[in-house]
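Heads up, the thing below is written out as structure tokens.
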Amino acid sequence: MSEDEKWAAALGNNGSFDGIFFYAVKTTGIFCRPSCKSKSPLRENVSFFDSADQAREAGYRPCKRCRPDLLSYQPLQELAEKAKKLLDSGIENKLLLAKELRGLGLTQHRLAELFRSHYGLTISEYSQKIRLEKARTMLADTKESIPDIAFEAGFESLSAFYRFFRKQTGMTPAAYRKTCQNSTCQVSPDENPVKKWEED
């Protein structure tokens with residue numbers, strides 16, 4: 001968010017931005033949530049911070065009216081959950097997905113940090129996990145060709161799909177499909193893609 005956007009949110013007492021940023025007033029030495037109903041200060045006296053800790057470190061005290069020091073409200077968790085739902089929704093168009101993620105109101109860097117802090121994976125890693133699970137399911141449960149599965153799972157090329165699939169499962173897509181024909185395919189602890197990403 002730009003400072004102009006933060007200022008507009010503070011003037012409008014927009015509670016949807018609580019926890020995303022805080023504003024402090026130089027003349028009072030107090031910092032608030034965007035939703036605070038206190039009298040609006042002059043723009044020239046306002047500074048913005050990404051966290052309550054940053055505001056405190058700068059010498060500001062928490063407002064006694066909106067209590068920005070309390071953690072009972074967790075809008076950041078809600079934003080992380082919204083980002084995850086967008087990824088889970090299966091939007092394959094990368095430009096459309098990026099637009100939807102930007103609509104959450106955070107910078108790409110800030111959203112990436114937030115998502116990783118809540119789920120232990122970057123947005124890219126989580127997207128890859130979803131694509132891998134879709135590919136594995138299709139290999140096990142359908143007779144679609146491997147090239148069709150690669151593209152339906154969101155891979156831009158067949159070679160990229162082969163490299164990625166082998167790295168994450170230790171076998172080629174064809175070998176994985178053959179294994180599934182002879183037994184029930186399940187992700188063992190050693191094959192867990194999340195575990196593998198964390199080890200890489």
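List of remarks:
- Dipole orientation for the chain: of the candidates 127, 174, 83, 83 has the Cα lying most toward the positive pole (charges on Cβ; Lys, Arg +1; Asp, Glu -1).
- Folded to 0 to 90 degrees: helix 173-182 orientation relative to the chain principal axis, Cα: 70
- Once the Cα atoms are used to define both axes, helix 75-88 deviates from the longest principal axis of the chain by about 30 degrees.
- Only helices enter the 222 nm calculation for the chain: every DSSP H run of n ≥ 4 contributes -39,500 (n - 2.57), and dividing by all residues gives -15500 deg cm²/dmol, rounded to 500.
- Among 130-139, 102-111, the order from most to least packed when residues are scored by Cβ within 10 Å on average: 130-139, 102-111
- Computed from the C-beta positions of residue 8 and residue 152, the FRET efficiency with R₀ = 30 Å rounds to 0.10.
- Loop-located GluC sites (Glu not before Pro) in region 80-118 whose Cβ has at most 13 other Cβ within 10 Å (DSSP): 92
- Each of [x] 56; [y] 48; [z] 45 is a candidate for percent of Cα pairs over 23 Å apart; the one calculated from this structure is [x].
- Shape call, region 1-78: gyration tensor on alpha carbons, a/c limit 1.5: rounded
- Nearest 10 degrees, 0 to 90: helix 123-141 Cα axis against the chain principal axis: 30
Each value in this text was obtained by applying a stated rule to the coordinates, not by laboratory testing. Computed from a predicted model, the values in this text were never measured in an experiment. Counting neighbours? That spans all protein chains shown, and the Cβs are built from the backbone with ideal geometry, glycine included.
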